[in-house]
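Here the structure is laid out as C-alpha cells; the discussion comes afterwards.
Taken together, the values in this text are just the output of simple stated rules run on the coordinates, not laboratory data. Remember, predicted model here, so these are calculated numbers, not experimental data. All Cβ positions, glycine included, derive from the backbone under ideal geometry; neighbour counts span all protein chains shown.
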Amino acid sequence: MKRITYLLLLSLLLAGCSSGPKVKYVFYFIGDGMGVNEVIGTNLYNEANGREVVNFTQFPVVNFITTVSANSLVTDSSAAGTALATGTKINNSALGQTPDGTPTPNLTEWAHAAGFGTGVATSVGVNHATPASFVAHAPSRSDYEDIAVQMIDSPVDFMAGAAFLVQRGTGHDSAFFEHKADSAGIAIFKGPGAIKDIDLTAPRALCLSAKEEESIPYAIDRKEDDTRLADFTDAGIRYLESRYGKKGFFFMIEGGKIDYAGHGNDAATCFQEVNDMAESVDLALAFLARYPKETLIVITADHETGGLMLGSGRYEMHPDRLSKQHACVDELTNLFRAQFFPTEKPFKTPTWEAVKDFFNEQLGLWGEVEVNERTENELKGIYDRTFGKGGDRNLTEENLYSSNFRIVADVVRSLDRAAGYQWSFGSHSGSPVGLYVTGAGAEEFNTVKDNAEIAPLIAKLAGYAR
Ligand SMILES: [Zn+2]
C-alpha cells in the first residue's frame, strides 16, 4: 500500500514537471518604436536625473529579436504588431491579414476561444495599428472605421485608448463609434476619475480619455486631469482579475508614443515615454508578486524609430544636459508661436538674441548647455531662413504625427546631440529590438530570435486554443 502511494506521488510529480509552467495571466507590453538604444538611453537619462533604472532592464531574461516584415527589412507598426500578435509575417501597412486577404488569427482570439479574459490598452487611438493588430483584420491599417467596428463587435472584454480614430471625409467622430459601442452593450468610462471607478461587473468595458484626442498627452507635458496609460493598465488589471481571476486572462498594453517622440527626434520626451510605460509595468509586477507561479510578463517593441545613436561623434555623453527640458517639441512649438507670433499684437521680427533667450529659458541651451560654433552657425542659418529678409516665417518641419517650426525641431535635435544622443532620420529603422521577460515560463524566451516566434510561444505556455 505504502509503495503504491509512493509510486502514485512520484508519477504525479513527474507529470507536474513535464507539463511545464502553468501560465494563467499574461501581460504583453509593446513599446512602439522602443529600440535597444531608446531603452538604454532612458537608463542613462534616469541615472543623470536621479531616477531609477527602467524596471524591465532588470528582468531575468533579456534578449533581442529581429523585426522584418514580409515585404520589407524595415517594418511598420501594423506588420510588426501583426507578427507580435499572430506569429505570421505580413506586408507593411496591412493589418491582421495576408496579401490574399486571409485573416491571421491572433492572441486575443486564441485566448478567448480557450475561455480566458482578454484586454488591449494603448496611449494612442484605441483602433491604432498596435491594439488593432490584436483584434482586427483589414487590408490597410488606415481603415480606421472598419477596424473600430470590428473591435466593437469582437469579444475582447476590456479595451482602452485615447479615442476612436476616424477617416477624413466620413463626417464621423469618436463619439459616433462610442455610441456604437454603447449600443453593443459596452460600458464606457472616460477620464481618470471614471476609469478609477470602472464597473467591475460590466459585461464589456471601454476606457477612453475624457478629452476627444487622438493620443493622450506625452508624460513630459502631462497635466493633472490628463488620462495616463497607467490609469488604463490599473483599470484593466482590476477588471480582468475580477471577471477572470479563476480562469486567467491575456492583456496587451502599448506605450504608443515612444514612437511619436522618435518620429519627432525628441530624446527627453522619448525617454519619459519609456518611463511612463515602465510605470504600467510596475502594476504588472505587483500582480506578478501576488501570483508568481502563474503570471508571465513579456515586454518588447515593434521596431526602432529615428535611428537613435548613443554618442554623437565624440567619446563622451552628457545625459544630464536634457534635464531642463519640460515640454515636448510640439509643445515647444506652441510656446514659440505664443511668444513670437502673438495674435493680439502686430508681428515684430524677433532678434537672434531673443530667440536664443527663449531656448535658454526652455531648454538651457546657450545657458548651462554650451553651443559650439558649428551648431550656432547652423541654427542661425535657420533663424535667417525664418525671420531674415524674404524669409518664410512659417518654416516648418513635418514629421509623421506633427508639424513644428523648423528652428524648434533643429534646436531640440541640437540639444540631444549636445547630450550625446544623435538621431539619424524621422522614420523607422531595421535595428533589432529588446525582449524582456519575467515570471512563469520566462526562460523559454531565451531562444526566441524573431518577432513572429513570440505569439505561438505565449499561446503554448498559456494553453490557448490555436
Ligand atoms: Zn512609427
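In this structure, VAL53 and LYS246 have a Cβ-Cβ separation that, at R0 = 35 Å, corresponds to a calculated FRET efficiency of about 0.50.
Let a ≥ b ≥ c be the square roots of the eigenvalues of the Cα gyration tensor of the chain; is it rounded (a/c under 1.5), or, if not, prolate (a/b larger than b/c) or oblate? Each step should come with its number before you reach the end.
Details: a/c = 2.13, a/b = 1.67, b/c = 1.28.
It is prolate, given that a/c is not under 1.5 and a/b is the larger ratio.
Quick one: how many lysine pairs in the range 136-248 have C-alpha atoms under 19 angstrom apart, if they're 8 or more apart or on different chains? The number of close lysine pairs in the range 136-248 is 7.
Let a ≥ b ≥ c be the square roots of the eigenvalues of the Cα gyration tensor of the range 174-299; is it rounded (a/c under 1.5), or, if not, prolate (a/b larger than b/c) or oblate? Oblate.
The calculated FRET efficiency for ALA184 paired with SER403, based on their beta-carbon distance and R0 = 45 Å, is about 0.80. Taking amide H as placed 1.01 Å from N in the peptide plane, GLU254 has its amide H under 5 Å from the amide H of ILE30, ALA121, THR122, SER123, each at least 5 places away in sequence or on another chain. Looking at the range 87-149 from every direction and averaging, what is the projected area of its Cα convex hull in nm²? With the hull built on Cα positions only, its mean projection is 4.4 nm². The convex hull built on the alpha-carbon positions of the range 103-209 has an orientation-averaged projected area of 6.6 nm². Would you mind checking which residues have amide H under 5 Å from THR118's amide H? H placed 1.01 Å from N; only 5 or more apart, or other chain. Result for THR118 returns ASP157, PHE158, PHE250.
A simple spin-label model places pseudo-atoms 7 Å from Cα toward Cβ; at LYS345 and HIS172 they are separated by 4.6 nm. Once both labels are positioned 7 Å from their Cα atoms along Cα-to-Cβ, the gap between GLU353 and ASP197 label points is 5.6 nm.
A helix-only calculation puts the chain at -12500 deg cm²/dmol for mean residue ellipticity at 222 nm, using -39500 (n - 2.57) for each DSSP H run of at least four residues, averaged over all residues.
Proximity of backbone amide H atoms, modeled 1.01 Å from N, is registered between ASN399 and ASN404 at under 5 Å, excluding neighbours fewer than 5 places apart on the same chain.
The range 46-78 and the range 385-460 have Cα centres spaced 11 Å apart. If you keep only loop residues by DSSP, which GluC sites (Glu not before Pro) in the range 22-97 have at most 12 other Cβ atoms within 10 Å of their Cβ? Of the GluC sites (Glu not before Pro), the ones in loops of the range 22-97 whose Cβ has at most 12 other Cβ atoms within 10 Å are GLU52.
Extending 7 Å from the Cα toward the beta-carbon at both LYS211 and ASP282 defines two label points whose distance is 2.3 nm. Given R0 = 30 Å, the distance between the Cβ atoms of GLU368 and SER424 translates into a calculated FRET efficiency of 0.70.
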